[in-house]
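A short worksheet on the structure shown next.
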Amino acid sequence: MEISISTSEDMFQGLLAASVLHGCPEQYRAWLKCGASIRVRFSMPREYIARDPRTGKRIGTGKGKGKKTTGIAALSPADGPWQRLEVSEILPLATGESEKVEILTDGKRWMLGRIDAIKALSKVRGGDIEGAYDALVEALEDDFPDVRIAALKALPSFALRRQGILLHCLSDRLLDDEDAVRDEAMNCLKKIAPLFPSGCEDIIRRELRDQRKNHRDNAFEALKLTSIEWPEVGCLHLDEIIREKDVDLRIRGSLILRTVASKGGAEAWDLITWSLQDEEVRVRRNAAKTLTTLADVEPRVAVILVESSLGENDRAIRNSVIKALRKLDIQSPRVVQMILKGASDDDLEMRKACVGQMSIILSGQELREAAGELLKKEKDPSLKKRLQSLALDPDFEGSEDEKNRKLAPAEYVPKEDEELLPPSLPPLGEDDKRQSGRPASEESR
């Protein structure tokens, strides 16, 4: 925005001129003293910023109070002076037609150039989108690393308007010779993979199998973010990963099973089933953690997988099976049989969990008989005490108080030499006295 100010008009205009040109070159002040006017360009802030009047620092910008960036805002580069560029200035700066642009913002003067304009390419008008696309592709292939990094920062938000060969350029930048460029390309992949899963499919497939740890870590994080939005894409990659001979790949892939378990459908159930049978125990542990999720969203599948995992020897897997078993529908005959089978398991924690549910699924004579059979083989003192209480019939084998607990109290029988006292009657009110008085005669009626 440009305004014209002059000292020859009024006092307010003069004060504004003095405020704007404070700290400017001396010739500007001379022009104002002579009554001349000057055109000054302001870059207006997009939002109000509260500042301490003594220090000038922003108020309320501590940790945890920053602006939340979600959706499209999260795709844009970090906030900076490039946001103050006018739309008409972006493309000439990005292509090199213009050298620099000077702006005034937050009381400071900034000289913005090509790198700032490249970050702002997604803001150009619709008629300039093709020119901006060509400028971005050229910047992605530029000889200077800083220019390539700026182009990678702008790529996610610009791809929403024009994709073209941008993903191919991203794939090349992931193989860049400069570490800083590769790091920025990895950040770009995490942002753009959930938006264009099919376009990034081959890139993620290659990065997942990269031998460099930081590339593999970043690829699995990108795959997890993509699986949240597109579970079928996650299942597609996991179906390939769990067949790999590389144990590290299978372990990392099994960690994403929980992400696709609730919405992945039959494909996700098959992946969990295969992972529960993997030879690597860490893969089976990660797969077993999905059983509690399946117990909520698909209990029939969870029953089958829990039943097949009851024979596991690993303690972590057994704990996951126990948690899932407690969530299953105890009215199902299959679940009842699993609980009874688990009550005689070799693992103590499994026996405790199943015995704790026996009083829910059984009652009466069935409960006592089942507890009696288990009591013959049980060796743990605390569990034996629990089974003894379940196998005991208090009506026949309990103490005298337990046997008589359900009987009605006997009526009181006075002794022969005890005088019978008249029964205590409640005090009578006025209405009660009338009812208990002498009946009215025929004459009084």
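No value in this document is a laboratory result; all are computed from the given coordinates. Just so you know, these numbers come straight off a predicted model, no measurement behind them. Neighbour counts are summed over all protein chains in view; Cβ atoms, including those assigned to glycine, are modelled from backbone coordinates with ideal geometry.
At a glance:
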| quantity | calculated |
| --- | --- |
| Neighbour-count ranking [beta-carbon atoms within 10 angstrom, fewest first] of ARG368, ARG351 | ARG368, ARG351 |
| Region 343-351 - phi-based ³J(HN,Hα) in whole Hz, Karplus 6.51/-1.76/1.60, Gly and Pro as x | 5, 10, 6, 6, 7, 5, 5, 5, 5 |
| Total charge dipole magnitude, region 201-244, about the Cα centre, Cβ charges on Lys, Arg, Asp, Glu only, Debye to nearest 20 | 260 |
| ILE103, ILE192 arranged by Cβ crowding within 10 Å, fewest neighbours leading | ILE103, ILE192 |
| Peptide ranges 299-305, 269-275 listed from the most packed, as the mean C-beta count within 10 angstrom indicates | 269-275, 299-305 |
| Additional length obtainable on full extension of the chain from ASP246 to ASP346, 0.36 nm per residue less Cα span | 32.7 nm |
